[in-house]
Amino acid sequence: MAFTDIFKKKNTAASAPALPILPQEIYEAGVLDLQDVIAPHALKVSSRELDLGEKIARTFFVISYPRFLTTGWFAPIINMDKVIDISIFIHPMDTNEMLRKFQKKVAEVQSQITTREQKGMVRDPMLDTAYSDLEHLRDNLQQAQERIFEVGLYLTIYGNTREEIDKVESEVRSVLESRLVYIRPALFQQEQGFRSVLPLATDELDVHTKLNSAPLSSIFPFISFDLTSNRGILYGINRHNSSLILFDRFSLENYNSVTFAKSGAGKSYMTKLEILRSLMFDTEVIVIDPEREYEYLAETVGGRYFNISLSSEHHINPFDLAIPREDENPADILRSNIITLVGLFRIMLGGLTPGEDAIIDKAITETYALKDITAEANFAAIEPPLLSDFELVLSGMEGSESLVQRLSKYTSGTWAGFMNRPTNVDMNKKLVVFSVRDMEDDLKPVAMYIITHHIWNVVRKELRKRLLVIDEAWWMMRSADTASFLFSIAKRGRKYFLGISTITQDVSDFLSSPYGIPMITNSSIQMLLRQSPTSVDLVQSTFKLSDEEKYLLLESDVGEGIFFAGLKHVAIKVIASYTEDQIITSDPSQILAIKKAKQEISDAAENINPDTAPATEHAPSATATVAPVSIAPEKPEDDGEARTAL
């Protein structure tokens, strides 16, 4: 018994003798029910809305439908990024009673048609259409192919202010009225309308429209976005409806993508899976790998792996020039390369003053001239200069003492073995990986800049379908010059059939760069996997996510997130087959198991005695190469678990 009940009892029984209030009644009056906890602090009911304290609610009902309802017409309302409560009340009607009513209605319409004919009036198309529809519906009812229902469709929208709720109402109206569906507010019935929309199954508004089975089925509310194309690779499973997310990045407006995820969220796993599947569609893939995660993948598919470090045998000469294509001017190639080298020296030398910038520019031009490289020269027939040649030219220029001193560590100092040698990198495989894991952190931006520049020169030489993957791209976004160069490639890559895939776990560093947002806007595909609480707000504001999507990114499992393609996005789960998982896994325990199995097979092959081995052409030899996928650890019993274990 509530306090209000006790109060009423005392007042209504004023004339009766006072009864003592029992302790049990006092205890029950102080107990909170669930409705007391969830109820708003105050409630104000007006003619058009309910003020629920912190929120304003406004309820509408549908009063009119068009003659035809197409499948999925209600989907834009259900998928609208607004807080909307929807109730659909369906009341079946007796078929025999409806047949009797239709028979009477058909007689009325037929009588009107006959009367007009007798009077010699022009035929009324509306009457003919009504007669045809009624007869068709009667036949379907008689054959039990259709049923008639009284349907009430109610919507409650919410907002923090009246301006906000008016805006939501305008959006809902425009979507529905574009489909000839009209709604009205529940004037002076907002309380009844609000209760009708609550999950209590009570229809207090009682505003119904008669619909048969076919149009009623078009209001089916359990739908979600499908995000797929007719061709492409499998990126994952749509978590809304378990449909496949298939896309060909080379069929979109540009071929670029960005991926944001915290460490351990499965971004490298997902990227390697995309690479493996892209190779099957005759796509050449080039990877800049900062953590040596793609070496096993490169070995498995027969690709090339280059370890770029100070002690490495692989070298790239930054003074290399791209071979001009038929539609390119050699003078433009030379000028572009000089500008790129100025940006490189700006990174290497810790920044340049305007005077030093001019000296560097002039020294680069003279260095090329020293090798007879001009706009009229044949770039393919001339050996490009080295960094030591540039240092020699620079040392003879006035005001270059400080520049020469800072440059010396790259030519004769500790870092001399890195770039002061001719290029000996051959990119003639479908998959090429450049690893910079063993490069010192101070030199990683320089190394990634030089590698990217070399890749760009190779890409421009011949038109092929290529994908450039830059893992941990935040290294390049830390410097304005490397970020600018990466952005220029992302903008121009489509012309050369090149897609750029940038991956990063440091969202703040990436987005703090002036080129961070432009990189996102120039990417047709975006992938957001699990985010850390410290960066999720920045991701939410950048991608305009709802609070529900924000919490989805916080609570997602490994390999789960949100997949964007154009203006649409869905929740995705990345799934690999067992064989794919063994090739691309980054799980240390799985990698150790694979290495152990590989070593056991290798030891067994070495222990085979050639004298006693069966002399057949299928007998394994001690030097036979064993495919990595065949030496995987024992397959789990549940193959589905193996696919989803990232």
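What to note about this one:
- The range 180-336 gives an Rg/Rh value of 1.24, both radii derived from C-alpha positions and Rh following Kirkwood.
- Taking 0.36 nm per residue of separation and subtracting the Cα-Cα distance, full extension of the segment from LEU567 to VAL45 would add 184.1 nm.
- In nm, spacing of pseudo-spin labels at ARG184 and SER217 (7 Å Cα→C-beta vector): 3.1
- Extension gain (nm, one decimal) between LYS210 and ARG100, 0.36 nm per residue minus Cα-Cα: 38.1 nm
- Listed residue (ALA75, SER218, VAL404) projecting farthest to the positive dipole end of the chain, Cβ model: SER218
- The range 245-280-the range 113-148 distance, computed between alpha-carbon centres (Å): 57
- Projecting the Cα atoms of ILE520, GLY413, TYR449 onto the dipole axis of the chain, where Lys and Arg carry +1 and Asp and Glu carry -1 at the beta carbon, places ILE520 farthest toward the positive end.
- Mean-position separation - Cα centroids, the range 494-509 and the range 361-432, in angstrom: 28
- The distance from the alpha carbon centre of the range 189-219 to that of the range 534-582 is 35 Å, rounded to a whole number.
- Per-residue extension of 0.36 nm, minus the Cα-Cα distance of ASP282 and ILE63, leaves a gain of 73.3 nm for this segment.
- Size of electric dipole in the chain: Cβ of Lys, Arg +1 and of Asp, Glu -1, about Cα centre, debye, nearest 20: 2000
- Taking a sphere under 15 Å around the Cβ of GLU548 and counting the other residues whose Cβ falls inside, with K and R at +1 and D and E at -1, yields a net charge of -3.
- Label-to-label distance, ALA358 versus GLN143, with points set 7 angstrom from Cα along the beta-carbon direction: 9.0 nm.
- In terms of the mean number of neighbouring beta-carbon atoms within 10 Å, the peptides 517-526, 88-97 order highest first as 517-526, 88-97.
- On the basis of the beta-carbon distance and an R0 of 22 Å, SER174 and SER546 show a calculated FRET efficiency of 0.65.
- When the helices of the chain are scored as -39500 (n - 2.57) per DSSP H run of n ≥ 4 and the total is divided over every residue, the value at 222 nm lands at -12500 deg cm²/dmol.
- For the pair ALA593 and TYR496, label points projected 7 Å from Cα toward Cβ lie 4.2 nm apart.
- Rounded FRET efficiency, nearest 0.05, which uses the C-beta distance separating ALA107 from THR129 and R0 of 25 Å: 0.90
- For the range 234-573, the Stokes-Einstein estimate of translational diffusion at 20 °C and a viscosity of 1.002 mPa s comes to 102 µm²/s, using the Kirkwood hydrodynamic radius over alpha-carbon pairs.
- Placing unit charges on each Cβ (+1 for Lys and Arg, -1 for Asp and Glu) gives the range 44-217 a dipole about its Cα centre, and among LEU176, ILE86, VAL122 the Cα reaching farthest toward its positive end belongs to VAL122.
- Straight Cα distances below 28 angstrom link LYS104 to the lysines LYS119, LYS210, with same-chain residues fewer than 8 positions distant left out.
- The chymotrypsin sites (Phe, Trp or Tyr not before Pro) of the range 338-388 include none that meets both criteria, a DSSP state outside H, G, I, E and B (loop) and at most 14 other C-beta atoms within 10 angstrom of the site's C-beta.
- Taking the Cα centre of the range 128-228 as origin and assigning +1 to Lys and Arg Cβ atoms and -1 to Asp and Glu Cβ atoms, the resulting dipole is close to 100 debye.
- Pairwise alpha-carbon distances in the chain exceed 39 Å for 55% of all pairs.
- Cβ charges +1 (Lys, Arg) and -1 (Asp, Glu), total dipole of the range 54-199, debye: 320
- DSSP bridge orientation in the chain - percent antiparallel, rounded to nearest 5: 60
- The protection proxy used here, the mean number of other Cβ atoms lying within 10 Å of each residue, ranks peptides 395-403, 47-55, 356-364 as follows, highest first: 356-364, 47-55, 395-403.
- Rounded if a/c under 1.5, otherwise prolate or oblate - the range 363-516, Cα gyration tensor axes: oblate
Computed from the coordinates by the stated procedures, all read-outs in this text should not be read as laboratory data. Values in this document were obtained by computation on a predicted structure and should not be read as measured data. A quick note on method: Cβ atoms are made from the backbone with ideal geometry, for glycine too, and the neighbour counts reach across all protein chains shown.
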